[in-house]
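Undergrad: Take this structure, written in structure tokens, and hold onto it; I'll ask about it next.
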Amino acid sequence: MSFSEYLSERWPDIVVLINEHAQVVLIAVAIAAVIGVGTGIAVAGHPRAGGLLLGVTGTMLTIPSFALFGLLIPLFGLGSGPTITALVLYAVFPILRNTVTGLQSVPGAVEDAARGLGLGRWERVRRVHLPLAWPVVLAGIRTATLMSVGIAAIAAAVSGPGLGELIFGGLARIGGANALNDALAGTLGVALLALALDLLFVVLGRLTTSRGIA
């Protein structure tokens, strides 16, 4: 069976897997964004605490994904649980790093002006710091999303949902009927999903960034 014939026959199944893949990635990144941005705001102005948290979360990236998925099986079993948990652990670092960097880049003169207007700490964060730091924060979320799209494919090793099922299934049956088509379709699906999400963040950045900053 040619690849085009394979696609025309399996297209509905592939779309389901793409949707599952996108869902686990977006859920994980949303959770990581809440943790990363919230923690970044909390440690703003505390360099030692920020450095410690960046060191801890950065260490997570050194753990091979296969090993991390395996370590999470006793806690969460198989399927979406270990998949989303692992993706959150990997995605927190780039978001936290960019949040800390973005907040640190706010000019001192702007900070002094906000204080002069009588704005409290949270008012300054909400009305001054976050809007100025938003492009950098969003870049961190974008990086975490693209990284998660690739890692989510490996989650098939723990029966995670998504396109990894096609890739791993095809590689396990290499030489068999449609094995190469499965692996190729899964790989192309991951690449196209990453491209679509990247374009989404470009649009989101243009819509949510203040004109004076962009």
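Undergrad: Taking a ≥ b ≥ c as the square roots of the Cα gyration tensor eigenvalues, with a/c under 1.5 meaning rounded and otherwise prolate when a/b beats b/c, else oblate, which class fits the range 79-202?
TA: prolate
Undergrad: Please compute the length gained on full extension between Ser159 and Ala30, using 0.36 nm multiplied by the number of residues separating them and subtracting their Cα-Cα distance.
TA: Working it through step by step, the gained length comes to 44.3 nm.
Undergrad: Less than 14 Å Cβ to Cβ from Gly186, Lys/Arg counted +1 and Asp/Glu -1: what total charge do the surrounding residues give?
TA: Net local charge, Gly186 excluded: -2.
Undergrad: By what distance, in whole Å, do the Cα atoms of the range 11-76 stretch along each of the three principal axes, largest value first?
TA: Taking max minus min along each principal axis of the Cα atoms, the range 11-76 gives 51, 24, 19 Å.
Undergrad: Leaving ligands and nucleic acids out of the surface, order Asp13, Asp198, Asp112 by accessible area at 1.4 Å, largest first.
TA: The most accessible residue leads, giving Asp112, Asp13, Asp198.
Undergrad: In percent, what relative contact order does the chain have, based on Cα pairs under 8 Å that are 6 or more apart in sequence?
TA: About 27 percent, as a whole number.
Undergrad: With a 10 Å radius around each residue's Cβ, average the other Cβ atoms per peptide and rank 85-94, 201-210, 48-57, highest first.
TA: Ranked from most to least packed, the peptides come out as 85-94, 48-57, 201-210.
Undergrad: Evaluate Rg over Rh across the range 47-137, taking Cα atoms for both radii and Kirkwood's formula for Rh.
TA: Expressed as Rg/Rh, it is 1.16.
Undergrad: Once the Cα gyration tensor of the chain is diagonalised, what are the square roots of 5 times its eigenvalues, in whole Å and ordered largest first, as equivalent ellipsoid semi-axes?
TA: Ellipsoid half-lengths, sorted descending, are 40, 20, 11 Å.
Undergrad: Tell me what the chain gives for mean residue ellipticity at 222 nm when only DSSP H runs of n ≥ 4 count, each as -39,500 (n - 2.57), the sum divided by the residue total, rounded to 500 deg cm²/dmol.
TA: Taking each H run of at least 4 residues, the total per residue is -27000 deg cm²/dmol.
Undergrad: Here's something else I'd like to know. Net charge within 12 Å of Glu20 by Cβ-Cβ distance, Lys/Arg positive one each and Asp/Glu negative one each, not counting Glu20 itself?
TA: -2
Undergrad: Cα extents of the range 106-170 along the three principal axes, largest first, in whole Å?
TA: 63, 17, 11
Undergrad: Here's another thing I want to ask about it. Kirkwood Rh, the range 141-214, all Cα pairs: how many Å?
TA: Roughly 13.7 Å, rounded to one decimal.
Undergrad: Would you rank Trp122, Trp11 by solvent-accessible area, highest first, keeping every protein chain in place and using a 1.4 Å probe?
TA: If we order Trp122, Trp11 from most to least accessible, we get Trp122, Trp11.
Undergrad: Okay, which of the range 127-171 sit inside 20 Å, backbone N to the point 7 Å along the Cα-Cβ direction of Phe66?
TA: Hits in the range 127-171 for Phe66 at 20 Å: 148-171.
The values are calculated or read from the model by the stated rules, or taken from the named source; none is laboratory data. Remember, it's a predicted structure, so these values are computed and weren't measured experimentally. Reconstructed Cβ throughout: ideal geometry from the backbone, glycine too, with neighbour counts over all protein chains shown. Note: accessible area is taken over every heavy atom of the protein model, side chains too, but ligands, DNA and RNA are not part of it. Shrake-Rupley method; radii C 1.70, N 1.55, O 1.52, S 1.80 Å.
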